[in-house]
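Structure first, then comments.
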Amino acid sequence: MTPLLPPAVIGVFGSGQLGRMLGLAARSMGYGFHTFSPHADSPAGQVADREVVAAYADVDAVRDFIRHVDVVTFEFENVPAFVAEVAHSQGVPVRPGGHVLHTAQNRLREKRFLAENGLPIAPFRAVTSRDELQEAVQELGLPALLKTAAFGYDGKGQILLRSSEEIQPAWEALGAETAILETFVDFAAEISVVAARGEKGDFVNYGVIENVHRHHILDISIAPARTPLRIAAQAADLAQSVLEKLDVIGVLCVEYFVTKSGRVLINEIAPRPHNSGHLTIDAAVNSQFDQQVRSVCGLPLGCTDYLRPAVMANLLGDLWAEGEPNWAAALAVPGVKLHLYGKQEARPGRKMGHLTATADSIDEALDAVIRARNAL
C-alpha cells in the first residue's frame, strides 16, 4: 500500500500500557491515535485523541471506530478475530493481519503452526478430556505443563503436573474445554527476540534479550543478553522464520527457552510489542513502538542499534502495599528512568510501570536498576 503519512490516524484495539506507549510513539511522529476497549480512562485512552469504550463484541461500535481510522493494529492478542474482518470489509488495512491474531490467541493453534513449520518446540499434545489428559501424560511423561488453549498470559491458565495423582484435580481446576499438555523444559535461560517486518518483507530485530521471571511474571530484562553468539544467532534466525511464515506486517516477539544442553526452543509468540522490549524506548535508536508505527503505516523500518547496555525492572502493584512508592529515591540513582502506566488501582501482580537503567556495561545497568527499585 502507499505509506500512511502523518497526520493519518492509527486505531488500536486494546487500551493497556502497550497501547499507551504506542500512542506516545505515534504522537511523537505526528500521527493521530484512537483506542478501543471496554475500559474507560485507560492507560492508552489517557494519551489518545479518541477513546472509544465499548465491548469488543459490539459490532456497530467496532464499525464506527474503524470508520474514523486509517489503519488498525492491536496491543494484545485476545481481541475477537472478526474485528479484522470488519476492517477489511471497510477497506481499512489491519497490521498484523487477522490470520496472525487467530493463530497467536490460541495456544493450540500456535503450537500446531510452529510444529507444522518445523520450528523447534517442546513436545505437546492436545487434550479435551480427563481421559485424553491421562493418555497424554503416559506419552509425554511427567513433569509436564497443562495449559488452557486460550486466554493465557503471565503464567495464567497453566498448572504444573508432577505426579499422576494431580491429573484429575488439575483438569477440574483448569476448567477448559480444550487444553494442551506440554513437556516441562528444565531450562538454563529464558530469552526473547523482538522483531519487526515491513510490507515488502524487510526485517529488523533487537537481538536477544535475556529475561528473568518471578512467579511467572517478567521481572528483569537485560539487553544485550549474556548469551553465546551461536544461541543469539539461532534465536534471531528463528524469529525471522516465524514472521515470514506467518506473513507478519508489524512487530512480533518470540520467547524462547534455552535448555541446559544449549538447545533453543520456542515457548510462545506475541504479535505485538512485548514487555521485554520496553527497554528499547531508552536504549535503542528506534524503540519497538517506533517500529510498530513504522511497520503498520508502511514506512521504512528504523534502526535497532542499542546506544548503551540496558536493564529493565518491572514495577508490580505489590510495591504500593504500604502507600505510594518513593519515586524520588529511585530517581536519585544515576542512569535510571521511570515509566508509569497511568493505572488507577494497584493490585498484587499487576504491572504498574517499569524502571530502565542504561550504563556502560550490563553489570552497571543491572546494579543501578535493582538499587533504584529497592529504594522504592
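The values are calculated or read from the model by the stated rules, or taken from the named source; none is laboratory data. This one's a predicted model, so the numbers in the text were calculated from it and none came from an experiment. For neighbour counting, all protein chains shown are included, and Cβ atoms are generated from backbone atoms with ideal geometry for every residue, glycine included.
Observations
- Search result, residues across the stretch 169-213 that are modelled with pLDDT of 95 or more and either on the phi > 0 side of the Ramachandran plot or among the hydroxyl-bearing types (Ser, Thr, Tyr) (or both): 183, 192, 201, 206, 207
- Options 45, 98, 30, 11: the member that is among the small types (Gly, Ala, Ser) and either at positive phi or in contact with a Cys (Cβ under 7 Å, 6 or more places away or on another chain) (or both): 30
- Segments classed as strands (runs of 3 or more DSSP E), wholly inside the stretch 114-165, with at least 1 members that are under 21 Å from residue 213 (Cβ atoms) and modelled with pLDDT under 95: 144-148, 158-161
- Qualifying residue in the stretch 216-228 (condition: assigned to a loop (DSSP other than H, G, I, E, B) and under 17 Å from the mean Cα position of the chain (by Cα)): yes
- Matching residues, the stretch 38-59, being assigned to a strand (DSSP E or B) and crowded, with 18+ Cβ neighbours inside 10 Å: 51, 52
- Considering only residues in the stretch 87-104 that are outside any loop (DSSP other than H, G, I, E, B) and surrounded by fewer than 19 Cβ atoms within 10 Å (Cβ to Cβ), the one that is farthest from the chain's Cα centre (by Cα) turns out to be 89.
- Cβ pairs under 6 Å, 6+ apart, first in the stretch 359-376 and closer than 15 Å to residue 319 by Cα and modelled with pLDDT of 95 or more, second surrounded by fewer than 16 Cβ atoms within 10 Å (Cβ to Cβ) and of a type in the set (A, V, I, L, M): 375/329
- Where residue 280 falls short, out of the listed (1) buried (at least 16 other Cβ atoms within 10 Å of the Cβ); (2) farther than 21 Å from residue 28 by Cα; (3) of a type in the set (Ser, Thr, Tyr): (2)
- If you go through the stretch 166-205 and pick out every residue that is closer than 30 Å to residue 292 by Cα, not in a loop (DSSP other than H, G, I, E, B) and not aromatic (Phe, Trp, Tyr), you end up with 11.
- One residue alone among 62, 83 is outside any loop (DSSP other than H, G, I, E, B), of a type in the set (A, V, I, L, M, F, W, C) and more than 22 Å from the chain's Cα centre (by Cα), and that residue is 62.
- Some residue of the stretch 312-325 being among the small types (Gly, Ala, Ser), part of a loop (DSSP other than H, G, I, E, B), touching a residue at least 40 places away in the same chain (Cβ under 8 Å) and surrounded by 14 or more Cβ atoms within 10 Å (Cβ to Cβ): no
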